[in-house]
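The values are calculated or read from the model by the stated rules, or taken from the named source; none is laboratory data. Here the structure is a predicted model, which means the values were calculated and not measured. All Cβ positions, even for glycine, are placed from backbone atoms using ideal geometry, and neighbour counts span all protein chains on display. Protein only, heavy atoms only, side chains kept; ligands, DNA and RNA dropped before computing areas. Shrake-Rupley method; radii C 1.70, N 1.55, O 1.52, S 1.80 Å.
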Amino acid sequence: MSVETVAPAEADASARPMDLLRFATAGSVDDGKSTLIGRLLYDTKSLFSDQLAAVEAVSAARGDEYTNLALLTDGLRAEREQGITIDVAYRYFATPRRKFIIADTPGHIQYTRNMVTGASTADLALILVDARKGLVEQSRRHAFLCSLLRVPHLVLCVNKMDLVDWSQEVFERIADEFTAFAAKLDVPDLTVVPISALRGDNIVSRSENMPWYEGPSLLHHLERVHIASDRNLVDVRFPVQYVIRPQSTTVTDYRGYAGQVASGVLKPGDEVMVLPSGFTSRIAAVETADGPVDEAFPPMSVTVRLTDEIDISRGDMICRPNNAPMVAQDIEAMVCWMDESRPLQVGGRYAIKHTTRSARTIVRELHYRLDVNSLHRDETAGELKLNEIGRVRLRTTVPLLADEYRRNRTTGGFVIIDEATNRTVGAGMIVEAG
Amino acid sequence: MTSPAAYQVSHLDALEAESIFVMREVVAEMERPVLLFSGGKDSIVMLRLAQKAFAPANIPFPVMHVDTGHNFPEVLDYRDQRVAELGLQLIVASVPEALNRGMVRESADGMRNRIQTPVLLDAVEKHRFDALFGGARRDEEKARAKERVFSFRDEFGQWDPKNQRPELWSLYNGRHHPGESIRVFPLSNWTELDVWHYIARERIPLPSIYYAHEREVIERDGMFYAVNEFFRARAGEQPFKAQVRYRTVGDASCTAAVRSDADTVEKVIEEVAATRITERGATRGDDRVSEAAMEDRKREGYF
Ligand SMILES: Nc1nc2c(ncn2[C@@H]2O[C@H](COP(=O)(O)OP(=O)(O)O)[C@@H](O)[C@H]2O)c(=O)[nH]1
Ligand SMILES: [Mg+2]
């Protein structure tokens, strides 16, 4: 891979290659999520005329009074028939500055499961509220889930400003209330924008209807929000994915450890430690198919070669001798349960997938179930049902090489798999390990 | 320490890194992967990513072409040349052969899109493949927009959109019972434009029909179809010569061309960036059947 290093901020912006921002959208039904997404796609010319024509035709046939942009994202037959959104849909648009991936998470059913899924990879989450209604229970839940998943940037869009006479007072009341709530959740970066998704106010350019608002338009913010520092460039974590050993007559004695850098910066010459063995060595080279590189950092996929022949296989982790993850079989974690058929139960046995490691696990304890609306902890809870979140203690068959999720989203997150059905039934975020 | 800004990667590098990660996961965890290679641009890009993922070793899996028998000769030549260069094993799952054996029957409209599926599933069973790399992208079609990167298929190869495994972080669940399989889409997050930018950056050669050329076509339902042995003009359709290129390459009997003067990769990028019609909308007769044509085919085990 040819890494194009980005010019410093003061340099000409046009020389800067496009980067990638992933964001998730959240909002209660009818807050205007589909309208906003449709507007973003339309105004960035990412909506195609045949898509629009198809949506218009279906809308007209169903007798909708307006072109229902929700049909753009509601791609499945059952969704269109029932007028609901079932699953996370991914949408794409780009401006000259950035490519955007939207995880559009529906609000009707399975909400927590979908939002947790969308938020797990998001750099930013966009929460919508209806200016007439202000914050509702769901807005708080959305904010909580974003903070649980450690989404680094949060944007609250106060929508339908046209229906409250573009009132500064209404906007500020909602913004203040939300800001106070977010402060309790330890949200790292919050921006609040008054918009009208329907009319396009403050979406691409600043609205003339709200001269009192001095912040950026939504798209301006999405294009410029600084995400480079969100990555952990301090703790070297390189989960070994696959060992490359060519069986060839031209390349002999080659042994390379392939993987994607989870965090930190790896350089040739660096002293490294391999876990769980604890052996140390040095990086001989960091390679890609396009040749060696001087440094590797997230999210690069590279191949690392070491100066010593040590026994390393998939699931091992390359780190630094003085900065290593925990090597632990007892894991304290927040778990979101995602299976409708069987709840998580104390004593339950499951498969677990963490970085490139797989293990089996048993649920030793369920400390409490969290009410995502009130944040109340129910310590009497005996199980976690679909869409419920709780704090658990797990014991694993082999040690995990783990960090706290709040410090490292890659080495701190795991999924739980039902060994009988092979379904992914839970998502976990490590709180501490010992 | 250098500032974080210095450690930024472009969107193409980020997409490439993600796709390589996905391909390595499959090879590390699955028993018998295969890459579906049609000679179309997405599968060509996928093959390049596979080269990169395992270099300096060879690509550690075979490729399979589901051959409808309605091919563009340029694409078949390209396929054979690429396979030879990379020293790959090519498996051809042939629809004409399946027709001869009586395994499938020609559909009334002569389109072979639907009858590809049993032929594909038959080959999967015969070779006991448990992971199939496909070049589908989520921006192509609204059912695809909801499909996972690791898409579970039951023993009949069927996709159940309402029963998909949640996919979090970069943790992909490829577990399956014998007979079941996983379709893997490493290009899920790429758009048509990303694919073209990557082809330009990597200087990847393509079959010539992706670039503007003169061809005898007829116009049907607003699309331009090449007149050839698989596609006959109907009464009243007047063949004429036009400058066209293909945006997608599928079965030659239902893939249409678009009018274009873009004869270089740079011009194609300009054209794709300015176009207001989706790739499949402009070129695929098979998607026009109904609102849910793609979803229905996927449920039956289509790519
Ligand atoms: N007046 C006004 N109506 C809006 C605005 N945004 C959305 N709506 C309307 O609110 C309704 C619900 O919008 P929709 O986008 O489907 O909401 P979703 O359920 O969150 O996806 C529709 O009738 C929209 O036209 C806005 O900014 N102003
Ligand atoms: Mg909606």
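Structure summary
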{"quantity": "Percent carbon-and-sulfur accessible area, segment A:205-326, ignoring ligands, DNA and RNA, probe 1.4 Å", "calculated": "45 percent"}
{"quantity": "Segment A:166-273: GluC sites (Glu not before Pro) falling in loop per DSSP and having at most 16 other Cβ within 10 Å", "calculated": "A:GLU208, A:GLU214"}
{"quantity": "Formal net charge of residues neighbouring B:THR117 (Cβ-Cβ distance under 9 Å; K, R +1; D, E -1)", "calculated": "+1"}
{"quantity": "Dipole magnitude (debye, nearest 20) for segment A:238-319, charges at Cβ of Lys, Arg, Asp, Glu", "calculated": "180 debye"}
{"quantity": "For the protein assembly as shown: Kirkwood Rh in Å [reciprocal of mean 1/r, alpha carbons]", "calculated": "27.0 Å"}
{"quantity": "Globularity index of segment A:250-358, i.e. its alpha-carbon radius of gyration over 2.2 N^0.38 Å", "calculated": "1.33"}
{"quantity": "P(r), alpha carbons of segment B:68-108 - 10 Å bins starting at zero, rounded %", "calculated": "25, 41, 27, 7"}
{"quantity": "Whether segment B:150-303 is rounded, prolate or oblate, judged on the alpha carbon gyration tensor where a/c under 1.5 counts as rounded", "calculated": "oblate"}
{"quantity": "About the Cα centre, charge dipole magnitude for segment A:326-433 (Lys/Arg +1, Asp/Glu -1 at Cβ), debye", "calculated": "300 debye"}
{"quantity": "Surface accessible to a 1.4 Å probe, B:HIS70 within the full protein complex, Å²", "calculated": "20 Å²"}
{"quantity": "Semi-axis lengths, Å, segment A:105-154, gyration tensor of Cα atoms, sqrt of 5 times eigenvalues", "calculated": "18, 13, 9"}
{"quantity": "Rg over Rh [alpha-carbon atoms, Kirkwood Rh] for chain A", "calculated": "1.00"}
{"quantity": "Longest to shortest principal axis, alpha-carbon extents of chain B, angstrom", "calculated": "67, 51, 39"}
{"quantity": "Accessible surface buried once A binds B (1.4 Å probe; total of both sides; Å²)", "calculated": "6700 Å²"}
{"quantity": "Full-extension gain in nm, B:GLU216 to B:ASP296, via 0.36 nm per residue minus C-alpha separation", "calculated": "25.5 nm"}
{"quantity": "Label zone at A:ILE310 (point 7 Å along Cα-to-Cβ), backbone N below 15 Å, segment A:259-287", "calculated": "A:269-285"}
{"quantity": "Overall Cα dimensions of segment B:149-221 - principal axes, largest extent first, Å", "calculated": "50, 33, 22"}
{"quantity": "Residue pairs, from the table A:LYS353/B:LYS142; B:LYS41/B:LYS142; B:LYS41/B:LYS267, whose Cα atoms sit over 25 Å apart", "calculated": "A:LYS353/B:LYS142"}
{"quantity": "Lysines with Cα under 16 Å of B:LYS146, excluding same-chain neighbours fewer than 8 positions away", "calculated": "B:LYS162, B:LYS298"}
{"quantity": "Spatially proximal lysines relative to A:LYS160 (Cα-Cα < 19 Å; intrachain offsets below 8 disregarded)", "calculated": "A:LYS33, A:LYS133"}
{"quantity": "Between helix A:111-120 and chain A: long-axis angle, C-alpha atoms, 0 to 90°, nearest 10", "calculated": "60 degrees"}
{"quantity": "For segment A:326-433, with +1 on Lys and Arg beta carbons and -1 on Asp and Glu, the positive-most of A:VAL425, A:ALA328, A:LEU344 along the dipole", "calculated": "A:ALA328"}
{"quantity": "Order by protection proxy (mean Cβ within 10 Å, highest first), peptides B:182-191, A:40-49, B:167-176, B:237-246", "calculated": "B:182-191, B:167-176, A:40-49, B:237-246"}
{"quantity": "Centre separation in Å (Cα based) which lies between segment A:191-247 and segment A:287-314", "calculated": "30 Å"}
{"quantity": "Dipole moment magnitude, nearest 20 debye, chain A about Cα centre, only Lys, Arg, Asp, Glu C-beta charged", "calculated": "880 debye"}
{"quantity": "Partner chain coverage, peptide A:424-430 - average Cβ within 10 angstrom", "calculated": "3"}
{"quantity": "Principal semi-axes in Å for segment B:1-116 [√(5λ), Cα gyration tensor, largest first]", "calculated": "35, 16, 14"}
{"quantity": "Projected label distance in nm at A:ARG282 and A:ASN373, using a 7 Å step from Cα toward the beta-carbon", "calculated": "6.2 nm"}
{"quantity": "Computed helical MRE - 222 nm, chain A, DSSP H runs ≥ 4 contributing -39500 (n - 2.57), nearest 500", "calculated": "-5500 deg cm²/dmol"}
{"quantity": "Among beta bridges that DSSP assigns inside segment A:19-230, antiparallel share in %, nearest 5", "calculated": "20 percent"}
{"quantity": "Spatial separation of Cα centroids for segment B:96-157 and segment A:380-419, in angstrom", "calculated": "36 Å"}
{"quantity": "Cα gyration tensor, segment A:19-230 - rounded (a/c under 1.5), prolate or oblate", "calculated": "rounded"}
{"quantity": "Rounded to 5, percent antiparallel among DSSP beta bridges of the protein assembly as shown", "calculated": "70 percent"}
{"quantity": "Mean Cβ count within 10 Å, highest first, over the residues of peptides B:155-164, A:315-324", "calculated": "A:315-324, B:155-164"}
{"quantity": "Computed over segment A:211-271, the ratio Rg/Rh where both radii use C-alpha atoms and Rh is Kirkwood", "calculated": "1.32"}
{"quantity": "Cα-only Debye scattering, segment A:146-229: base-10 log of I(q)/I(0) at q = 0.11, 0.12, 0.14 Å⁻¹", "calculated": "-0.31, -0.36, -0.49"}
{"quantity": "Cα gyration tensor category, rounded, prolate or oblate, for segment A:326-433 with a/c compared to 1.5", "calculated": "oblate"}
{"quantity": "Mean Cα-pair separation over length for segment A:326-433, i.e. relative contact order, pairs under 8 Å, 6 or more apart, %", "calculated": "39 percent"}
{"quantity": "Positive dipole terminus of the protein assembly as shown, leading residue within B:ASN113, A:VAL234, A:ALA60 (C-beta point charges)", "calculated": "B:ASN113"}
{"quantity": "Computed accessible area, A:TYR111, all protein chains, 1.4 angstrom probe, square angstrom", "calculated": "10 Å²"}
{"quantity": "Label-point gap, in nm, between A:ASP30 and A:ASP50 - each point 7 angstrom along Cα→Cβ", "calculated": "3.5 nm"}
{"quantity": "Alpha-carbon Rg with Dmax, taken over segment B:208-287, Å", "calculated": "12.1, 39"}
{"quantity": "Phi-based couplings in Hz for segment A:377-391 (Karplus 6.51, -1.76, 1.60; Gly and Pro marked x)", "calculated": "9, 9, 7, 8, 4, x, 7, 10, 8, 3, 6, 9, 10, x, 9"}
{"quantity": "Shielding by other protein chains, B:49-57, mean Cβ within 10 Å", "calculated": "6"}
{"quantity": "Per-residue mean of C-beta atoms belonging to partner chains within 10 Å, peptide A:20-33", "calculated": "1"}
